[in-house]
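Taking it in order: structure first as structure tokens, then the write-up.
The values are calculated or read from the model by the stated rules, or taken from the named source; none is laboratory data. Since this is a predicted model, take the numbers as computed values, not measurements. Neighbour counts run over all protein chains shown; Cβ positions are idealised from the backbone, glycine included.
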Amino acid sequence: MKEQLQVARLSVVSNTFLVVGKLVAGLVTGSVSVLSEGIHSGLDLVAALVAFFSVREAARPADEKHNFGHGKFENVAGTVEALLIFIAALWIIWEAGHKLAGGGGPPDVGWGIVVMGLSAVVNLYVSSRLFRVARKTDSVALEADGLHLRTDVYTSLGVMTGLVLIRVTGWWVVDPLIALAVALLILKAAWKLLREAFFPLLDQSLPFEEGHQINERIKRHAGQYIGVHAVRTRRAGAERHIDMHVVFCRRCSLGQSHKVAHEITAEIEALYPKARVLVHQEPCEEEKCRGCENETGGSDPVAAIRQPGSRRN
């Protein structure tokens, strides 16, 4: 929690300085591409603030009103950030189109080149830290913030290259064309973020790869149960919620079935430390089953884990 808040706070501070620098440089030079980057960084600042507060709220423990915790705060934050980025991209496209239609001369790009280069360096450092902490803590909000800043690195370098070209050739039309290219990159990043942040709010099942990994953990205990069904998964921020029905031989003691259920839970929690696993133990409906005959093996649970496009049991 402390490390998450520290890196989120760093993102807020760095974005504040970059927004001021880019907007001032854009106004001084008259470059629409620099101004578009200033607006882009302004949205990054809002995103950083949202990430900071969402990480803090998501870390709160479950309470009477939120029995499953507050993990979805991060998904809400990521969705808001994506929508803000969409708005910024549309504004940049409008500004660039207005300049292309109205014509003009080459802007004074000196300060713009310096500010864009500095922005790329700062955001490369901050985004690297955000990605590192996001992977370590499995934070959706920090990953979204890091994605914003990493996109800003590429767009800043693109704008800086265009400004250098304008200075050398005097081709003013390069400025709005670069702004349009920046907007398209922003739209792509916004769509990717929206998919990753929004769909978990609808309790979408975990991705195929994660479902397969969970299945492998369950199969390690295949000789101790009869079958597995009604497996359900969803994600809320950094938390994964997984519940399943595990069928045991009706002659198996409650203590033994509980022990196996506990081992399955421990396997999955070792894979995903913030997972919340619920194993419902069921007796076999048959009077004489494989467990009674002391046969090893159990049903392959892979079919029980809902994958994209499959039917939920």
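Structure values in brief
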item: Criterion violated by residue 147 - all others in (1) modelled with pLDDT of 80 or more; (2) surrounded by 19 or more Cβ atoms within 10 Å (Cβ to Cβ); (3) of a type in the set (A, V, I, L, M) satisfied; result: (1)
item: Test for residue 172: is it assigned by TED's automatic domain parsing to the domain that holds residue 46 and outside any helix (DSSP H, G or I); result: yes
item: Strands (runs of 3 or more DSSP E) contained entirely in region 203-288, each with at least 2 residues that are modelled with pLDDT of 80 or more, in contact with a Lys or Arg (Cβ under 8 Å, 6 or more places away or on another chain) and of a type in the set (A, V, I, L, M, F, W, C); result: 239-248
item: Contacts under 8 angstrom Cβ, first residue in region 145-160 being under 17 Å from residue 181 (Cβ atoms) and without any contact (Cβ under 8 Å) to a residue 24 or more places away in the chain, partner surrounded by fewer than 23 Cβ atoms within 10 Å (Cβ to Cβ) and of a type in the set (Asp, Glu), 6 or more apart; result: none
item: Checklist (1) surrounded by fewer than 21 Cβ atoms within 10 Å (Cβ to Cβ); (2) basic (Lys, Arg); (3) not assigned by TED's automatic domain parsing to the domain that holds residue 80 applied to residue 240, failing item; result: (1)
